[in-house]
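The values are calculated or read from the model by the stated rules, or taken from the named source; none is laboratory data. What you see is a predicted model; the values in this text were computed from it and never measured. As a convention, Cβ positions derive from the backbone with ideal geometry for all residues, glycine included, and neighbour counts pool all protein chains shown. Each accessible area value is taken on the protein alone, full model and side chains, heavy atoms only, with ligands, DNA and RNA left out. Shrake-Rupley method; radii C 1.70, N 1.55, O 1.52, S 1.80 Å.
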Amino acid sequence: MKKLSIFIYLFCLISYVCSGQEQVLQHTGQQLRAKTDERIELTGAVFRLAGIPEYKEGYITEYNSDIDSCFSDFRFGELTAYIVRLRNEEKLGYGSVAASALCLKIEDGKVKIDDDINLSERLGFGYGWKDEKTFRKYVRLLNDFYVKSDFHSFYENHRPLYEQAIAGMDDVLQYFNTEWFGEFFGIKRDMPNIYVAMGHGKSNYSVGDANAIIIGGQVQYSVEMLYPIVHETCHGYSNPMFLEYWPQMKEASEEMYPYVADIIAQYGYDGAFTAMMEWLNDLFSLMYYRDNLQFIGERMVSLFALVDPDIKLNEDILKTMFITPKCNEMTERGFIWFPRSVQFMENFYLYRDIYPHINSFMPQLAAFVNDAARNYDRIKFEFEHRRPYIVNMFPANGSNIWEEKADEIRITFSKPMSNGIYSTGRNFDDDELEILPLAETDDENLSDCAYWADDRTYVLKIDRSSLEKDKKYGLRLHGAFFVASDYNRMEEDYWIIYNTNTKQK
């Protein structure tokens, strides 16, 4: 069971913080560096003071408290009242607020609008900010707060915290492959500015016109933080391609959208146009992980070596850690054709001599959408029956394994499985259950206790010498870690229950 426990730990370590670890691997090419910005911190602080929910949930509790205590005298001032009014009347918040920070300039101790920015193009007036007059009044009030509160001193006093956040993000950014974007899209663009924002809550924002990504500030970041950066960077490439091919996909997309509209709309994608733009961008973002899996694995090994110096991460494990969760997430968000689109993308790689860059493959992706609409009933059926489940088990679940003398459990699934990783454990909800003893193994010979006989059959070897008479034994298969080859997980955990009764019934 030792190796299985390590595999469970690998999944926990997906949130392992990277900051402070010695790094020896990095991609060549343009190196992204994180930064903080006084304009962004100022904006986050005043929206927190105004009680705007998404700006009240920062990761760093001490920083949140410092804002509240340092600026308590301004909580119910003219600025916060104006912000609350804009929130109630215009639904101002989220990305519109984040974008507004980059329209500002702090110069000679005062806040003003950056003269080099065309507000009508940058802010999207009519959504979030009512009009230019509204924004100019906000900036006037913001400047009054900035001067009277001495916000600049607050910002300077917290530089040590900002530096910690920058270091944590820089550690993640070392493994952001900037060269991939040019190779995949066939377009060279400047990489975005990455801002860590301690006062902007837990959300991440892309400000396209400013070529910037604003990340919710933390002192340390997990490897998972790569995805939003990849995702937001991809938007700069994928959106123009989507707009070019949207007319070819429009009719089919609008035919598919109503079935999943209620689900997708919960995530802010209201309408077929925005939903399909997000689908395409997430598909491309996932390809980043597909193409950089080996490198990510090398990096993860360097982290896991702190736990087990001999750990090995094969491709199936890495897919289960990075690709499978995102594919599942997108499917659960209503993009029910996402697994098919991931599989379809393999044709791009198979015929890369014909399709040197993804733009040349876009006609095929547009055709894929049209074909998906024609076969939508089948896709809906696949979605509704997407979960793998156990169809057979020997010895039969609930049977007496003392009498059967079986030394292994053979578990058959309903569909082909990704066999890179799996997880078992006891049922802690039943105090009468003893954990079923499995054959001992060492780090190099996991198959001594568990292995896949084929892509549908999982085998667990029982340690019969450790069985005792008249006991009830149990083992839990963790559903989240049993994943089909089409990226869908089991719906729930599965309990194996055996007994060793010898008493006359």
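Of note:
- Rounded to whole Å, the principal axis extents of the Cα atoms in the range 133-200 read 50, 35, 15, largest first.
- Exposure ranking of Glu132, Glu232, Glu251 by accessible area [1.4 Å probe, largest first]: Glu251, Glu132, Glu232
- Proximal aspartates and glutamates to Lys105, defined as alpha-carbon separation beneath 12 angstrom and excluding residues fewer than eight positions away on the same chain: Asp37, Glu38, Asp114, Asp115, Asp116
- Contour excess over end-to-end distance, with Cα ends at Asp108 and Glu332 and 0.36 nm allotted per residue: 75.6 nm
- Glu468-Gln294 FRET efficiency (beta carbon distance; Förster radius 35 Å; 0.05 resolution): 0.15
- Within the assembled protein chains, the solvent-accessible surface assigned to His478 is about 30 Å², based on a 1.4 Å probe.
- Sorting Arg378, Arg87 by solvent-accessible area of protein heavy atoms yields Arg378, Arg87, largest first, with a 1.4 Å probe.
- Going by accessible surface with a 1.4 Å probe and the largest first, Ile462, Ile187 read Ile187, Ile462.
- Over 29 Å between alpha carbons, listed pairs Lys250/Lys415; Lys326/Lys461; Lys415/Lys469; Lys188/Lys326; Lys133/Lys188: Lys250/Lys415; Lys326/Lys461; Lys415/Lys469; Lys133/Lys188
- Partners for Lys137 among aspartates and glutamates (Cα-Cα distance below 13 Å; same-chain residues under 8 apart left out): Glu78
- Nearest-10 value in Å² for the accessible area of Trp337, using the 1.4 Å probe: 10 Å²
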